[in-house]
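Engineer: Can you keep this structure in mind? I'll have questions shortly.
The values are calculated or read from the model by the stated rules, or taken from the named source; none is laboratory data. These figures come from a predicted structure and were not determined experimentally. Cβ placement follows ideal geometry from the backbone for every residue including glycine, while neighbour counts extend to all protein chains displayed.
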Amino acid sequence: MNTKRSEVSAAVVRRLPRYYRCLVHLEQQGVVKTSSKELARIMDLTASQIRQDLNCFGGFGQQGYGYSVAALKSEIADILSLTSPRKMIQLGAGNLGKAIAGSVDFSSSGFELLAIFDTNEWIVGSEIKDFPVLSLDVLKDFCHEHHPVAASLCVPIEGAKVLLPLLVELGIRSFLNFSHYDIDYDNVAVENVYIADSVMTLSYKTAALEEEESL
C-alpha cells in the first residue's frame with residue numbers, strides 16, 4: 001500500500017468494508033473477475049467513484065480485464081488490516097453486550113475478542129458465545145498478561161467515563177464505542193456506534209417512502 005492510512009479520507013474508509021463484503025459475496029458465487037462498472041451496479045455507486053477510491057491505494061485493476069475478485073478481496077483485507085487480528089476485550093455483558101458478542105464476527109473483522117468484563121456477580125463466570133465473562137476486578141491483571149490493544153465499550157456513559165482512564169493506562173488505544181461517551185484522548189482510535197441514529201435515519205427514509213407513495 002503506497003498511501004498512508006492516515007491520509008485517506010473518512011468517506012473512502014467507510015466504503016472499504018462495503019467493497020470487501022461485496023467481493024466476498026461475489027467469490028462465494030464463483031465469480032472470478034469483475035469491473036468497476038459491475039461493482040458500481042451492485043453497490044449503487046459510480047464506477048468513477050470506485051476507481052478513485054481504489055486509486056488511493058495504488059489501483060488494482062488491469063486495462064481490458066478489470067479486477068480479479070480474489071486478488072482485490074485480498075488487497076482490501078490487507079488495507080483494512082484483517083489478516084493480523086489484534087487482541088480485544090469487551091466491557092459490559094448486559095443486553096447490548098450479549099448482542100454484540102453474540103452477533104459480531106470479530107475474528108473476520110480484524111480483532112480477536114479475548115474476554116468480556118462485567119460487575120454483575122450473576123453473570124461473571126458464564127460465557128457468551130464461548131467468550132468468558134470475567135469480573136472487572138481482574139481487568140488489570142488480565143491486561144498485563146494478555147496485552148489487548150482494543151476494547152468494545154458496551155456500558156453506560158457513566159461506566160465509560162470511569163473506565164476510560166484505566167483502559168488507556170493499560171495500553172488500550174482503540175475503542176468500539178457503544179456508550180455514547182465522548183472519548184477525547186490523544187493518540188487513540190475510536191469508532192462511535194449510535195444505533196439510535198440509524199433508527200432515526202430509517203424513520204426519515206420511511207417518511208420519504210410514504211411521501212412518494214402518496215403522490
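Engineer: Can you name the residue in segment 1-20 that is loosely packed, with under 13 Cβ neighbours inside 10 Å and assigned to a helix (DSSP H, G or I) and, of all such residues, is farthest from the chain's Cα centre (by Cα)?
Structural biologist: E7
Engineer: If you don't mind, another one. Condition first: in contact (Cβ under 8 Å) with a residue 12 or more places away in the chain and not small (G, A, S). Can you find one or more residues in segment 197-213 that meet it?
Structural biologist: First, the residues of segment 197-213 that are in contact (Cβ under 8 Å) with a residue 12 or more places away in the chain: none.
Taking every residue of segment 197-213 in turn, none turns out to be in contact (Cβ under 8 Å) with a residue 12 or more places away in the chain and not small (G, A, S).
Engineer: Is it the case that V13 is within 20 Å of S108 (Cβ to Cβ), modelled with pLDDT of 90 or more and touching a Leu at 6+ places or on another chain (Cβ under 7 Å)? I'd like the intermediate steps shown before the answer.
Structural biologist: Values: within 20 Å of S108 (Cβ to Cβ): yes; modelled with pLDDT of 90 or more: yes; touching a Leu at 6+ places or on another chain (Cβ under 7 Å): no.
No; evaluated as a whole, the condition is false for this residue.
Engineer: Taking interchain pairs and intrachain pairs at least six residues apart, which have beta carbon atoms under 6 angstrom, with the first residue in segment 138-158 and in contact (Cβ under 8 Å) with a residue 60 or more places away in the chain and the second assigned to a strand (DSSP E or B) and among the acidic types (D, E)?
Structural biologist: none
Engineer: Let me ask you something else. Being on the phi < 0 side of the Ramachandran plot, touching an Asp or Glu at 6+ places or on another chain (Cβ under 7 Å) and not small (G, A, S) narrows it down to one residue among V124, V149; which is it? Quick ask: steps written out before the conclusion?
Structural biologist: Values: V149 fails: touching an Asp or Glu at 6+ places or on another chain (Cβ under 7 Å).
Testing whether each residue is on the phi < 0 side of the Ramachandran plot, touching an Asp or Glu at 6+ places or on another chain (Cβ under 7 Å) and not small (G, A, S) leaves just V124.
Engineer: Would you mention how many residues in segment 29-68 are of a type in the set (V, I, T) and within 15 Å of R18 (Cβ to Cβ)?
Structural biologist: Going through segment 29-68 one residue at a time, the tally reaches 4.
Engineer: What is the number of the single condition among (1) out of contact with any Pro (no Cβ under 9 Å at 6 or more places or on another chain); (2) of a type outside the set (D, E, K, R); (3) surrounded by 15 or more Cβ atoms within 10 Å (Cβ to Cβ) that S179 does not meet?
Structural biologist: (1)
Engineer: Determine, yes or no, whether A150 is more than 20 Å from F117 (Cα to Cα), aliphatic (A, V, I, L, M) and either within 22 Å of the chain's Cα centre (by Cα) or not assigned by TED's automatic domain parsing to the domain that holds G94 (or both). Working first, answer last.
Structural biologist: Working: more than 20 Å from F117 (Cα to Cα): no; aliphatic (A, V, I, L, M): yes; either within 22 Å of the chain's Cα centre (by Cα) or not assigned by TED's automatic domain parsing to the domain that holds G94 (or both): yes.
Judged against the criteria, A150 is not a match.
Engineer: In addition: Answer with yes or no whether Y185 is surrounded by 12 or more Cβ atoms within 10 Å (Cβ to Cβ) and at pLDDT below 95.
Structural biologist: Values: surrounded by 12 or more Cβ atoms within 10 Å (Cβ to Cβ): yes; at pLDDT below 95: yes.
Taking the combined requirement at face value, the residue satisfies it.
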